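Visitor: Please see the structure below; I have some questions.
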Amino acid sequence: MNNINELGKVYESDVLVIGGGFAGLVTAIKAIQEGPDLDVLIVEKGFTGFSGQSTKAGNGIVAHLPDQDVMESTEWMVKNQTPYLNDQELLYDYLSTNTDSVQWLRDYAGAQVSENPDGSMKMWRHPESKLAGIGIELRTIEKLRKTALGLGVRMVDQVNIFEVLTNNGTACGAVGFDMNEGEFHIFHAKAVAMATHGCQFKKLGREFMGYGTGIGAAFRAGAHIRNIEFSTQIEIVFKGTNVPVYGGYNLIFNQEGTNISKIYAPNAPEISVPLLKGMVKEVREGRGPLYVDLRVPDDTLISIGWEGMQIGDGRLMPDKIEWEEYVAEKANKYSTMEYGMTPEITIDTRLQAEPVKTNHQFKTDVEGLWAPGKISYQGSAYFGWHRGDGVGNAVQTGIRAGKDMAEFAKSAPLLPMDYDQVVKYKEKIYAPLNRPTNHKPNDIFDWIERYGFGTDKLIVKSEASIKEVLNDVKEMKKIIPELTADDPHTLAKCHEAADSVLSLEMIFRAALERKESRGVFYPHYREEYPERDDKNWLKWINFKMGEDGEPEMYLEDVPLWKYPFRPDGYEIPEGHVDEYYGEK
Amino acid sequence: MGKITINVNTLDIEVESGVSVFEAITKRQFPYLDMKIPSIYYLKGVVDVDDSGVCIAEVDGEIVNASRVRVKEGMKVVTKSPALYEARREALKKILKIHNRDCNGCVRCNSCELQELFHEYDFTDEPQLPKENLEEIDLSSKVLVRDNNKCIRCKRCINVCAKMQAVSAIACTGEGLDAVIAPASPAGLAAASCVNCGQCVAVCPVGALSEKDQTDLVREALDDPSKYVVVQVAPAVRAALGENFEFNIGVDVEGRIADALRHLGFDKVFDTKFGADLTIMEEANELLERIQNDGVLPMITSCCPGWIKYAEHFYPDMLENISTCKSPHQMQGAIIKSYIAEKEGIAKENIVTVSVMPCTAKKFERLRDDENGAGVPDVDIVITTNELERLIKDREVRFEAMHHKAKFDEPLGFGTGAGVIFGATGGVMEAALRTAVEKLTGEELENPEFTEVRGMKGIKEASYDVNGTTVRVAAVSGLANANQLLTKVKAGEADYQFIEIMACPGGCVNGGGQPHQPAQTRLVTNVPAERASALYRNDDNAQIRKSHENPSVQALYDDYLGVPGSERAHELLHTTYRPR
């Protein structure tokens, strides 16, 4: 009998959560609350409660004011974010429970949120959307860690996971190694959650928040991918920083002193593709550098935050305020202009792929595998994004996944692990060690950063620019089998590079396929097809792993016949009938 | 107390009136506003004013000692300014001049209150004190280590020893940073009447006082294949060890400890809860015998070795009153080396018994006369909660990854709810009452809870009507409180049948070997009470809540000991005392 214990250190649990960020912690807490007898374990490559995106950003969480109609908000989201590509049922559900989830966070994690004098939650109405915001203390995640420990959640820190184990297509564990010692770790579980974030590239500051190893592992386990072409995130930031010019999008000026926001995006106080195109044009034509003029009267600073929110009031975080002071200082340092209210700005381009396809409980297409948190934002297709709601997303998705996983784990058996699969993955994971080649994983990241981030590739795509990236991907894929490492960190990077390239490939293959333009904050924009095409493209572009191990694309009609909101002139495709029976 | 409004850092806030500016602001707690006055000497109930020079604030434009100025309506306070930063830094510089900054080799690294300020006030490369200036470390005590080179003259140890423990084994002459702090005997701590309670260790903000680390002995035993290493864990440890791994205060980590000890490689992992149940069997029997046969009353508990040594020093005439029962872990040690040795077929000489205790005095207790029931020492090594933390970290066991529902090994791993509350003041009393009352009345108790003896009060009294006789009891924690009560008893002003005495204020949960919490946390949170509540929750969730119903204890009597108070029980489980 082959003994798996001889291959590495084995941990057994009922519920395994991969990733100890906000979503992972919420998932684990919810799972153990639903099933106090369950054995819940979090594995994290850094330190649970000190990792993940929420530690770096956010000062608010989205909620609904009691007087706001959820149906109206749903409609606003459907029409204004990534039009008509939403799973409207999930979006409605998401919006109707988001205030409850903030309350949950308060009750179970002791989260500090903005309060009225009577102790109720203080909310600010967003001037533009139908939603409200609640201030939230950034250190909430540390409290979540303690809550989880107190409830009996087990935590294994500093172990990086690269593959999900399956038994006849059902997830039954995961494998990875210790980031310090390189020791192989095998996790055996009934239910597995990928709370790993997706794959994010940022050009400025070269900051990576996720490398797509979660996407890669889920994909190889059989999870499907959806909406990955909407991975482009655009932002205008103070030069030399990653900090967005929140509230300054309608106040962008060129060196001639002209407000170019008014020229290119006259009616949009938010960021938009035409505005970015205009910015690129201005600089190319010699009227740069551009700056934001913050001296204009207050009432035009409409998207700077939530209406009526002030520092020390709803904005809870001393760290955030200190950070903003630091930013102001930095903006000054990099600015060629007189400091003060006219800091220089630049475009920040990011790819943020969060494409793992899930159902309404954030379960993937693989039995026993869930994907709460950012990893499934586009994939779940609720698309109810409001900027700054990363924490809200983590809580909502974590609560749903945790509950569903607990239900599943209570009755599911612990499936045996496949010895040969563990051996195969172990060999694959350690393969780059001491390869007699000299390609380091950073070669790949340098390549992506240097050549992959032009505005022509990320914002205004064309067939030519997409093909250029796909060609790069082909070249990079040749290098990946030759990557070499001699320590656990570089070894991890080898796999991160491979999975980043996998995400990149799917993003651009889908982008090539989608011959139209759509979306605001996460836009897909094709130069040749600048208009939205509802006739042909009310479709989801999906991927699954083909038999050769490569991504295989397939299209799926967005089931608008089931949903309340449909674009003008929408016709129910053949073979379907109107299945929406609620109010419109 | 009323509320008043003061202005702190330009914000109007409501605070408690009648307290110092420091206490008012610290108690109010603004997790999201930078409103904090640092402190290093202050400790609630021990050192009430902080003259270190760091506990300062600007009050109405003037820099004052924030622990000496009372809040007044409309007062304007600034807690953070360049002037305050400089002044606090200067004060810290002076303290660092007398503090040997040997952080890497210090057991208090990471739980040191000075280190915390050191980082906050941007000290980076202050040199260590020159070697030739260092004083010799006082290693005379078998339990405690005193390193005067680290002492920052806060006088917390002096106050706690004199005021709360009425021992005064350590004294002080002089003022400020030039003060000389030394044991009451020039020959060192061992020669003073120190009772080894370790409260000085518990209050020390730095590493000037610590327990004698014996983790090396444990490692040696674990690594020796010829030894059968058996560990037991006291009730109070599970209510506190989590704090050393960043758990919330008051989280019960019983299962995780059992799992961690197994990972450390102990051959048997037992729970002192069992020994506690056994103690109740013997002690309740002794109490009933004394009541029924006109024996010496009041009977006083003997679980606490700090109290025992205190009695031997200061109440030699009352030694007859003290129960002859050994403390739970000693009893359990004796049973391991007799009953378990026979059962498992292992020579008792090859067994190493390790006790994990919240207590420093237990290190002394194991060396007392008549603590070797099976002809070999009952307990070979005692380590504290903090030493267990070091052992776990040293052996790279992932404490957070341990199972929270792991179980101790049978048969000495099973204890009742009565056994677990031993860790809180009043717990031994309550556990004894659960058994004694049932034995006296012959009826089952409807509610096993005796809430009158619960809580953090220093002296708790209650009387119960049992079968027509009134049983008067008292539970005391803190030796100064014990002193007060016993003075009354001796003067005939108080009359009890049964008294529980615990040396540490709040009981074992607040023992000298328990995790350190910074003074500011202790001002806001009642740490011993939180830990005690974890034990009461554990009791509440227990299937069996009375010691005499413990099936493992019953089996032990049936198979081996006979009945409580039998000859064999006396040989193994009882001890003697002598005046010192």
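Quick note: the coordinates plus some simple rules give every number you see, no bench work behind them. Only a predicted model underlies this, so the values are computations on that prediction, with no experimental measurement involved. Cβ coordinates were reconstructed from backbone atoms using ideal geometry, including for glycine residues, and neighbour counts include every protein chain displayed.
Visitor: Just add up the charged neighbours of B:H329: K/R +1, D/E -1, any other residue whose Cβ is under 10 Å from the Cβ of B:H329. Walk me through the numbers before you get to the answer.
Guide: On the way: positive: B:K326, B:K362, B:R366; negative: B:E365, B:D378.
Net local charge, B:H329 excluded: +1.
Visitor: Another question, then. Helix-only mean residue ellipticity at 222 nm, chain B, DSSP H runs n ≥ 4 weighted -39,500 (n - 2.57), per residue, nearest 500. What is it? Before the final figure, lay out the partial values.
Guide: Working: 21 runs with 189 residues, N = 580.
Computed ellipticity for chain B at 222 nm equals -9000 deg cm²/dmol.
Visitor: What is the distance, in nm, between label points placed 7 Å from the Cα along the Cα-to-Cβ direction at B:K97 and at A:N80?
Guide: 6.5
Visitor: Roughly speaking, what is the stretch gain from A:E181 to A:L555, that is 0.36 nm per residue apart minus the C-alpha to C-alpha distance, in nm to one decimal? Walk me through the numbers on the way to the answer.
Guide: Values: separation 374, 0.36 × 374 = 134.64 nm, distance 4.38 nm.
Extra length available between A:E181 and A:L555 comes to 130.3 nm.
Visitor: According to the square roots a ≥ b ≥ c of the eigenvalues of the Cα gyration tensor, what is the shape class of the stretch B:105-161, taking rounded for a/c under 1.5, prolate for a/b larger than b/c otherwise, and oblate for the remainder?
Guide: Working: a/c = 2.00, a/b = 1.35, b/c = 1.49.
Judged from the Cα gyration tensor, the stretch B:105-161 comes out oblate (a/c at least 1.5, b/c at or above a/b).
Visitor: To continue, here is another question. Under the definition of Cα pairs under 8 Å and six or more residues apart, what whole-number percent is the relative contact order of the stretch B:107-211? Don't skip to the answer; put the middle values down first.
Guide: Numbers: 144 pairs, mean separation 34.4, N = 105.
Reported as a whole number, the value is 33 percent.
Visitor: Please average, across the residues of A:145-153, the number of beta carbons from any other chain that are within 10 Å of each residue's own beta carbon, and give a whole number.
Guide: Numbers: counts 4, 6, 2, 2, 11, 9, 2, 9, 3.
Going residue by residue through A:145-153 and averaging, the value is 5.
Visitor: Can you tell me, using C-alpha contacts under 8 Å and at least 6 residues apart, the relative contact order of the stretch B:216-573 as a whole percent?
Guide: Details: 704 pairs, mean separation 93.6, N = 358.
Once normalised by length, the contact order is 26 percent.
Visitor: Give a quick list of GluC sites (Glu not before Pro) in the stretch B:235-344 that DSSP marks as loop, anything other than H, G, I, E or B, with at most 16 other Cβ atoms within 10 Å. Could you put the intermediate results ahead of the total?
Guide: Values: sites: B:E243, B:E246, B:E254, B:E282, B:E283, B:E286, B:E289, B:E312, B:E320, B:E342, B:E344; in loops: B:E246.
When the GluC sites (Glu not before Pro) of the stretch B:235-344 are filtered for loop state and at most 16 Cβ neighbours within 10 Å, B:E246 remain.
Visitor: Let me ask something else. Please order A:R220, B:R395 by the number of other Cβ within 10 Å, starting at the fewest.
Guide: Details: A:R220 18, B:R395 15.
So the ranking, lowest neighbour count to highest, is B:R395, A:R220.
Visitor: B:V49 label point, 7 Å along Cα→Cβ, cut-off 15 Å on backbone N: hits in the stretch B:135-177?
Guide: Answer for the stretch B:135-177: B:155, B:175-177.
Visitor: Just grab the label-to-label distance for B:K405 and A:T258, each label 7 Å out from Cα along the Cβ direction, in nm (one decimal).
Guide: If labels sit at B:K405 and A:T258, their model points lie 7.0 nm apart.
Visitor: Compare the Cα positions of B:G198, B:V107, B:I152 along the charge dipole of the stretch B:107-211 (+1 at Cβ of Lys, Arg; -1 at Cβ of Asp, Glu; about the Cα centre) and return the one farthest towards the positive end.
Guide: The Cα lying farthest towards the positive end belongs to B:G198.
Visitor: Shape of chain A from its Cα gyration tensor (a ≥ b ≥ c, root eigenvalues): rounded if a/c is under 1.5, otherwise prolate when a/b > b/c, or oblate? List each step's numbers first, then the result.
Guide: Values: a/c = 1.41, a/b = 1.28, b/c = 1.10.
Taking the square roots of the gyration eigenvalues as a ≥ b ≥ c, chain A is rounded.
Visitor: Using only Cα atoms, locate the centre of the stretch B:219-295 and the centre of the stretch B:106-161, then give the distance between them in Å, rounded to an integer.
Guide: 31
Visitor: For the pair B:E135 and B:A184, how long in nm is the line joining their label points, each one 7 Å along Cα→Cβ?
Guide: Roughly 1.8 nm, to one decimal.
Visitor: Of the listed peptides A:210-217, B:163-170, what is their order by residue-averaged count of other C-beta atoms within 10 Å, with the highest listed first?
Guide: A:210-217, B:163-170
Visitor: Rounded if a/c is under 1.5, else prolate if a/b is larger than b/c, else oblate: which is the stretch B:3-92, with a ≥ b ≥ c the root eigenvalues of its Cα gyration tensor? Show your work: numbers first, answer last.
Guide: Details: a/c = 1.60, a/b = 1.19, b/c = 1.35.
Since a/c reaches 1.5 but b/c is at least a/b, the shape of the stretch B:3-92 is classed as oblate.
Visitor: So, one more: Can you tell me the order of A:516-527, B:383-394, B:88-99 when each peptide is scored by its average per-residue count of other Cβ atoms within 10 angstrom, highest first?
Guide: Details: A:516-527: 20.3, B:383-394: 22.5, B:88-99: 17.6.
Top of the packing list down: B:383-394, A:516-527, B:88-99.
Visitor: Cross-link candidates for A:K374: which aspartates and glutamates have Cα within less than 15 Å, leaving aside residues fewer than 8 places away along the same chain?
Guide: A:E354, A:D389
Visitor: How well do other chains shield peptide B:390-401, expressed as the mean number of their Cβ atoms within 10 Å of each residue Cβ? Don't skip to the answer; put the middle values down first.
Guide: Details: counts 0, 0, 0, 0, 0, 0, 2, 0, 7, 3, 13, 11.
Rounded to a whole number, the mean comes out at 3.
Visitor: Normalised by the residues of chain A, what does the relative contact order come to in percent, with Cα pairs under 8 Å and at least six apart? Can you show the working numbers first?
Guide: Details: 1303 pairs, mean separation 123.2, N = 584.
With pairs under 8 Å counted, the relative contact order is 21 percent.
Visitor: Sticking with this structure for a sec: Can you tell me what share of the DSSP beta bridges in chain A is antiparallel? A percent to the nearest 5 is fine. All intermediate terms of the calculation are to be shown ahead of the outcome.
Guide: Working: 52 of 75 bridges.
Restricted to chain A, the bridges split so that about 70 percent are antiparallel.
Visitor: Moving on to the next point. Determine, from the Cβ-Cβ distance of B:V524 and B:D213 and an R0 of 22 Å, the FRET efficiency 1/(1 + (r/R0)^6), rounded to the nearest 0.05.
Guide: According to the calculation, E is roughly 0.15.
Visitor: If you don't mind, there's one more thing I want to ask. Starting with the fewest neighbours, write out A:D418, B:D495, A:D157 ranked by other beta-carbon atoms found within 10 Å of each beta-carbon. Walk me through the numbers before you get to the answer.
Guide: Working: A:D418 17, B:D495 10, A:D157 20.
By the 10 Å Cβ count, ascending, the order reads B:D495, A:D418, A:D157.
Visitor: I need the peptides B:141-150, B:177-186 ranked by packing, meaning the mean over residues of other C-beta atoms within 10 angstrom, with the highest value on top.
Guide: Values: B:141-150: 21.7, B:177-186: 14.9.
Top of the packing list down: B:141-150, B:177-186.
Visitor: Now, a different point. Taking beta carbons within 10 Å but only from partner chains, what does the mean come to for residues B:237-250? Working shown, then result.
Guide: On the way: counts 0, 0, 0, 0, 0, 3, 0, 0, 2, 5, 5, 7, 1, 1.
Whole-number average of other-chain Cβ neighbours for B:237-250 is 2.
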